[in-house]
1. Could you please report the charge total around Tyr103, scoring K, R as +1 and D, E as -1 over all other residues with beta-carbon less than 13 angstrom from its beta-carbon?
2. What number comes out for accessible area per residue over the chain if the probe is 1.4 Å? Units Å², please.
3. Can you give the three extents of the C-alpha atoms in the range 1-137 along their principal axes, from longest to shortest, in whole Å?
4. On a 18 Å Cα-Cα criterion, which of the cross-link pairs Lys107/Lys139; Lys101/Lys219; Lys89/Lys219; Lys209/Lys241; Lys64/Lys241 come out too long?
5. Taking 0.36 nm per intervening residue step and subtracting the Cα-Cα distance, what contour gain separates Ala97 from Ala32 on full extension?
6. Between Ser49, Ser34, Ser141, where does the largest GNM mean-square fluctuation fall for the chain, given springs only between Cα atoms within less than 10 Å?
7. Checking the a/c ratio against 1.5 first, then a/b against b/c, what shape does the Cα gyration tensor give for the chain?
8. Say each of Ser127 and Asn234 gets a label point 7 Å from the Cα, pointing the same way as Cα to Cβ; how far apart are those two points in nm?
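The values are calculated or read from the model by the stated rules, or taken from the named source; none is laboratory data. Just so we're clear, the structure is a prediction, and the values are computed from it rather than from any experiment. Please note: Cβ atoms are built from the backbone with ideal geometry, for glycine as well, and neighbour counts cover all protein chains shown. We work out accessible area using only protein heavy atoms, side chains counted, and drop any ligands, DNA or RNA first. Shrake-Rupley method; radii C 1.70, N 1.55, O 1.52, S 1.80 Å.
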Amino acid sequence: MDIATLIGIGGAWLLIIISIVIGGSPMAFVNAPSLLIVVGGGMAAALASFPMKDFINGIKAIKKVFKPTTPDPNETITFLVETMKKARKEGVLSLEAEIDKYYEKDKILGDIMRMLIDGQDIEEIESNVENALAQIDQKLSTEANVWDALGELFPALGMIGTLIGLIQMLQNLSDPSALGPGMAVAMITTLYGAVLANVLCIPIVKKLKYYKDLELMYKESYLIAAKAIEKGLNPNSLQQKLSALFGVEAGE
């Protein structure tokens with residue numbers, strides 16, 4: 001569980017709700033037409049911007065923000081260094097016996113080890129991995145772009161809702177008592193759009209991009225390990241390279 005995301009987003013929503021309650025009349029901030037325009041309209045407009053499958057996967061990606069699946073960097077470094085020690089001591093073909101373990105850890109790692117065991121040139125392995133990483137980068141970027149689009153569309157639809165409310169209010173200028181409540185309702189849609197964009201969508205976008213970069217970094221470490229195994233480098237050299245990549249002290 002990502003505690004920072006939970007506390008950050010949850011705390012922001014809680015503070016807004018508390019402020020509304022303290023100010024009195026919390027039901028004044030509830031308006032069904034405004035919700036339909038902002039949430040419904042924003043979701044529909046965002047759906048039009050992406051293929052259905054990509055849009056659904058993007059919405060589901062919110063789970064990654066609260067419960068990321070990235071492994072511990074020190075465990076990954078230790079695992080890759082031990083793999084290199086085994087390959088250096090017993091030969092690359094000895095890794096065949098543990099191929100299932102590599103696939104369990106990460107499909108990319110399993111593919112890299114399979115190609116290495118099969119004797120493919122490191123340049124060919126690197127080319128194949130780079131193609132795979134480009135596809136993963138595109139997939140993860142699309143997930144973030146879905147929330148980025150929602151972050152832009154919610155405030156825009158909120159402004160549209162406000163204009164609709166103002167037009168409806170201006171039609172009742174003959175009734176002064178209706179102007180105040182009408183203006184309040186018109187402004188609610190702008191509030192909804194601003195809150196959804198800044199307290200939900202933007203933080204999710206930033207965290208998805210952060211985890212995207214982190215995931216690609218882990219997959220890059222697998223390629224670094226494969227190159228080190230192929231060149232027969234010292235395991236300590238690999239550990240130093242991976243520690244520098246993840247920004248941790250060697251031997252932590």
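1. For residues surrounding Tyr103, the net value is -2.
2. Normalised by residue count, the accessible surface of the chain is 55 Å².
3. For the range 1-137, the Cα spread along each principal axis is 74, 33, 21 Å.
4. Pairs exceeding the cut-off: Lys89/Lys219; Lys209/Lys241; Lys64/Lys241.
5. 17.3 nm
6. Comparing Ser49, Ser34, Ser141 in a Gaussian network model of the chain, the most mobile one is Ser49.
7. Prolate, since a/c reaches 1.5 and a/b exceeds b/c.
8. Each label point is offset 7 Å from its Cα along the Cβ direction, giving 3.4 nm.
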